[in-house]
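Structure first, commentary second.
The values are calculated or read from the model by the stated rules, or taken from the named source; none is laboratory data. These numbers were taken from a predicted model, which means no experiment stands behind them. Neighbour counts run over all protein chains shown; Cβ positions are idealised from the backbone, glycine included. Surface areas here come from the heavy atoms of the whole protein model, side chains and all, with no ligands, DNA or RNA. Shrake-Rupley method; radii C 1.70, N 1.55, O 1.52, S 1.80 Å.
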Amino acid sequence: MKRIIRLCIVGLLLVVLASCSLFRPVQKEPLTQTKDVAQQIGEALVSEDGDVSAVSIAIMHEGAIVYSQGFGLRDVENNLPVDSHTRFNIGSISKIFTGASILLLEDEGLLKLDDKVVDLLPNFTMADERHKDITVRMLLNHTSGMPGTNMRNAFSDEPSSVYLQQSMQEFANSNLKHDPGAFSPYCNDGFTIAQVLVEHLSGIPFPQFLQERIFNPLGMNDSSVGFQPQEENMAYGYIERAMQLPVEYANITASGGLTSTAEDLCRFVAIAMEPTLLREEAITEYLRAQPPTYLLQSEYPPLLSYGLGWDFVSWEPYRSQGIQVLGKTGGTLEYSTMIFFLPQSQSAVVLLSAGHLDPIGTTLPIVDALLKETGQIPEKTKTEKAKALKTQPLPPDIETYSGYYYGGKGLLRLSFEPHTSSLRFETYDGSTFVETDTSRYIGDGIFENQSGTWNTFETLNTVPCLMEIRRPYNVAGIAMTKLSTQPSIEHSFTPSSYVPVNLPANDLYFPVFTVSFIEELPSHLIVDNAIYAITGQTETSMVLPALRDQAAPRLDENDHLIIGSYICMNTSDIRALEKGEAITIDGDEKAVLREITEQGTFTCTVPEGGRIVVLGPDLSDLEDTLYSGSDQLEMDIFGSYVVFMADRPMVFQPSIIQ
């Protein structure tokens, strides 16, 4: 009898221990349908059109990894397949690690989410006095108002030790694009400050903090900051699955610099399953929405509900069915990634790829299959056909919303036609405004176009906004914001193209900027994806509070265009390459630019550690030795521009052979 009791006690103890385990080895449901969906997606990605060469997919359910499969080749040249230990750059999925790191510090009493950053980090300063109101929370939910992304030296073919320092210097010269907390345009800069904060308060480097506080406790043995030296199992990026790209290091560590595997990312979400690493209160905070203040004035729930690093902490149609689904996308120059986390069933779906794809759209069918197969949502949902609504007379005050708007779709002119009760969309095509859409008014402030898209107008934090409503859930996001029209102002800006002269030689991102003007908006200028108000002879300001990645351009004393941390030369000021001219680089991340104005074959040996970029007459990429690996160039490039780059003193000896 005592033996039986002892056996029962031992058995009970084993049950208790098993129930406490975060990763139970036994999975009652085979989830064959879900696995089939994942398998089909993975196989299609590496075989159909596109540049995806390697894919890893993992599925966790009830705390156990139930599926893990690699697709394609991690190394095409050596015909090496993807396996469960193959590492990928995970891009912005890194942000949820930064959010967790901040919560770990809060659990230790070293900070509170609503502490002012300047009180914790005395060396954080900006040109805009409003930066003193930025809180720790605002760094993580994209509401700080900071410009967006310091891209210079953010991605390189070897790790950089100066990115943080350079970014802090750039922030000191920057302004905010909105009051702290007011809006939530996606912002990498906030996470860079969060990294500095973690290092300052913990007293150790961020990579060490992650290793000791997160990776090791969670058994994430295939994760680190950046690829490791002599990495043996990583997925390389390719052009057309043939030409291997340089190894990509994301120096923008806290917002996009981690490498991991699909299985390790499943292991990571265990941090939010049980109060082992984080306290229960911290987990609750980690999983809840972190809204900007404009939502207090909006009639609609947000299209995307940011969390502390998460892109969204709920997703329709699952939210309306009582299922919480969190998600985070990642995208670098070479990789696309996605993680979905379903805390109620302790489930996760992770997809990592070398190559470019739509992370949410590609991965969502797996999540949907998982929820249906496990009975969390019905196999089929009833979809009621939307009733056709009659056109209604325009509201009497709607005309106040007419004018010029800017957003993700560029520059638009919006106007109203009372006799047809319609909203007219005219898109700026680079020279004039062309009608691209019309929507009729159907009441309750809503306009509907022929494809069924709904728009409405709201004034949020004093800013007139065009909102896009996602049906049938009646959630909305800011599509565009209205520009203030001002009289023209005297200035020294000129319409032209500009090339950076201060790029590190191993920077994987080489931008070219174009400045243009619009006759209808004489007090504004456009630089690529954003429009700015001209405020002085050589100054501009940001005027788009809901648009990501801005940097108000200005001119320095040498008439260089300063865009964020880039110093750029007007292409009209680039000198012609003289016959027999030697190009001397003095290092310190300074490039020399020349125009090829002589017919013939351009030849040049690329010294070790040097780099040559050739831009066509239209500034398209013709050659980049960092990517091609060429050490000897022979090209007919009459009318093109050549950028000579090096991070140490170096001499190039170009020539034109007739």
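Side notes on the structure shown:
- P(r), alpha carbons of the chain - 20 Å bins starting at zero, rounded %: 17, 47, 31, 4, 1, 0
- With semi-axes defined as the square roots of five times the eigenvalues of the C-alpha gyration tensor, the equivalent ellipsoid of the stretch 256-325 measures 25, 15, 14 Å, largest first.
- R0 of 41 Å, Cβ-Cβ distance residue 49-residue 119: FRET efficiency to nearest 0.05: 0.20
- Radius, Kirkwood style, for the stretch 495-587 when every pair of distinct Cα atoms is counted (Å): 14.8 Å
- Under 5 Å from the amide H of residue 598 lie the amide H atoms of 639, each residue being 5 or more positions distant or on a separate chain, with H modelled from the backbone and absent for Pro and chain starts.
- For the pair residue 397 and residue 598, label points projected 7 Å from Cα toward Cβ lie 7.0 nm apart.
- Solvent-accessible surface of the stretch 113-201, taken per residue with a 1.4 Å probe and all protein chains present: 33 Å².
- Computed on protein heavy atoms with a 1.4 Å probe, the accessible areas place 627, 300 in the order 627, 300, largest first.
- Peptides 592-601, 531-540 ordered by average Cβ neighbours within 10 Å, highest first: 531-540, 592-601
- Candidate lysines - alpha carbon under 21 Å from residue 372, same-chain residues fewer than 8 apart omitted: 28, 35, 380, 382
- Within the straight-line cut-off of under 25 Å between alpha carbons, the lysines reachable from residue 116 are 95, 132, 177, sequence neighbours fewer than 8 places apart in one chain being disregarded.
- Accessible area of residue 459 in the full protein assembly, 1.4 Å probe (Å², nearest 10): 70 Å²
- Highest average packing first - 193-199, 576-582, Cβ atoms within 10 Å: 193-199, 576-582
- Gyration tensor over alpha-carbon atoms, the stretch 175-222, equivalent ellipsoid semi-axes in Å: 29, 13, 8
- Sorted peptide list for 603-613, 425-435, criterion being average Cβ within 10 angstrom, highest first: 603-613, 425-435
- Amide hydrogen proximity for residue 567: with H placed 1.01 Å from N in the peptide plane, the residues at 5 or more positions away or on another chain lying under 5 Å are 501, 502.
- Using 0.36 nm per residue and subtracting the Cα-Cα separation, the extra length available between residue 200 and residue 273 on full extension is 23.4 nm.
- Across the stretch 63-154, the volume of the C-alpha convex hull divided among the residues equals 179 Å³ per residue.
- Rolling a 1.4 angstrom probe over the protein heavy atoms with all chains in place gives the stretch 530-649 an accessible area of 44 Å² per residue.
- The Cα atoms of the stretch 388-494 define a convex hull whose projected area, averaged across directions, is 8.5 nm².
- The stretch 77-114 and the stretch 348-383 have Cα centres lying 22 Å from one another.
- Short-range pairs are left out: with C-alpha atoms under 8 Å and at least six residues apart, the relative contact order of the chain is 12 percent.
- The alpha carbon centroids of the stretch 187-208 and the stretch 518-565 are separated by 30 Å.
- The residue 582 and residue 630 beta-carbon pair, evaluated with R₀ = 25 Å, returns a calculated FRET efficiency of approximately 0.80.
- Taking only protein heavy atoms and a 1.4 Å probe, the accessible area of the chain is 51% carbon and sulfur.
- Of 356, 560, 178, the order by accessible heavy-atom surface (1.4 Å probe, DNA, RNA and ligands excluded), from most exposed downward, is 356, 560, 178.
- Ordered from longest to shortest, the equivalent ellipsoid semi-axes for the stretch 516-658 are 33, 16, 14 Å, each the square root of 5 times a Cα gyration tensor eigenvalue.
- Normalised by residue number, the volume inside the convex hull of the Cα atoms of the stretch 77-222 is 129 Å³ per residue.
- Counting only protein heavy atoms and a 1.4 Å probe, the stretch 448-524 has 42 square angstrom of accessible area per residue.
- Partners for residue 579 among lysines (Cα-Cα distance below 28 Å; same-chain residues under 8 apart left out): 590
- Between the alpha-carbon centres of the stretch 260-300 and the stretch 586-640 there is a gap of 47 Å.
- The chain, helix-only ellipticity at 222 nm - DSSP H runs n ≥ 4, -39,500 (n - 2.57), divided by all residues, nearest 500: -5500 deg cm²/dmol
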